[in-house]
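Here is the structure we will look at, set down as structure tokens.
The values are calculated or read from the model by the stated rules, or taken from the named source; none is laboratory data. This one's a predicted model, so the numbers in the text were calculated from it and none came from an experiment. Cβ: placed from backbone, ideal geometry, glycine included. Neighbour counts: every protein chain shown. Calculation scope for accessible area: heavy atoms of the full protein, side chains included, ligands and nucleic acids excluded. Shrake-Rupley method; radii C 1.70, N 1.55, O 1.52, S 1.80 Å.
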Amino acid sequence: AYQCTRGEGYHVIDPAVVVEVLNEDRPVQPGESGEVALTSLHAWAAPLIRYMPGDMVERGPSQCACGAPNSTLAKVYGRTHDRFLLPNGRSLHPKYLGVVLRPIMPLLRLYQIAQEANDRVVVKLQAVPGVEIPPEKLEILRNGMARHLGEGVTVLINVVDDIPCEP
């Protein structure tokens, strides 16, 4: 795909490749995100069929507002990460929890989200020096993450002085 000249997303080169956007092996609708699966239409010697390079994107409308005839991708999020495996059998991409952090990002120097067990997620927040994160913001954060993770998952949020780098 290449970026629209109007900057409204990305045009898929439909004559050369079939791009599927899948969430748990189900095709997503425009506005939903998932993992890319590619099928090359011109690699005769070594065809790529439903090749999954590990990219997360948001499916765009079937045609761009600029009038180009190509299908579209609205956003490219980047590589997939490890997923949270939840007690109800679902898996959740960390992006959904990262989105919950957006409103307090200006207050943060670093953050870390770790799944210690399938029913326990620990969030460490390191504030920008001299900044205190209001308790009501922490509660909104906890509730937002709990909504994405579902019933039976405990979310612990710890404001810490330092988050050491790990391997």
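Between a residue in the stretch 33-59 that is open to solvent by 10 Å² or more (accessible area, probe 1.4 Å) and any residue that is among the aromatic types (Phe, Trp, Tyr) and modelled with pLDDT of 90 or more, which pairs come within a Cβ distance under 8 Å, given they are 6 or more apart or on different chains? These pairs meet every condition: Leu38/Tyr51; Thr39/Tyr51; Ser40/Tyr51. May I ask you to verify whether Gly9 is among the small types (Gly, Ala, Ser), surrounded by fewer than 12 Cβ atoms within 10 Å (Cβ to Cβ) and on the phi > 0 side of the Ramachandran plot? When the stated conditions are applied, Gly9 does not pass them.
Pairs linking a residue in the stretch 80-91 that is without any contact (Cβ under 8 Å) to a residue 40 or more places away in the chain to a residue that is surrounded by 13 or more Cβ atoms within 10 Å (Cβ to Cβ) and in a loop (DSSP other than H, G, I, E, B), with Cβ atoms under 6 Å and 6 or more positions apart or on different chains, are His81/Pro94; Arg83/His93; Leu85/Asn118. Scanning the stretch 125-153 for residues being open to solvent by 70 Å² or more (accessible area, probe 1.4 Å), outside any helix (DSSP H, G or I) and in contact (Cβ under 8 Å) with a residue 12 or more places away in the chain gives a total of 2. Answer with yes or no whether Gly98 is assigned to a helix (DSSP H, G or I), small (Gly, Ala, Ser) and surrounded by fewer than 17 Cβ atoms within 10 Å (Cβ to Cβ). When the stated conditions are applied, Gly98 passes them.
For Val76, are the conditions met, namely being open to solvent by 60 Å² or more (accessible area, probe 1.4 Å) and either touching a Lys or Arg at 6+ places or on another chain (Cβ under 9 Å) or assigned to a strand (DSSP E or B) (or both)? Considered against the rule, which asks whether it is open to solvent by 60 Å² or more (accessible area, probe 1.4 Å) and either touching a Lys or Arg at 6+ places or on another chain (Cβ under 9 Å) or assigned to a strand (DSSP E or B) (or both), Val76 comes out as yes. Against the numbered list (1) under 23 Å from Glu32 (Cβ atoms); (2) open to solvent by 60 Å² or more (accessible area, probe 1.4 Å), Arg109 comes up short only at (1).
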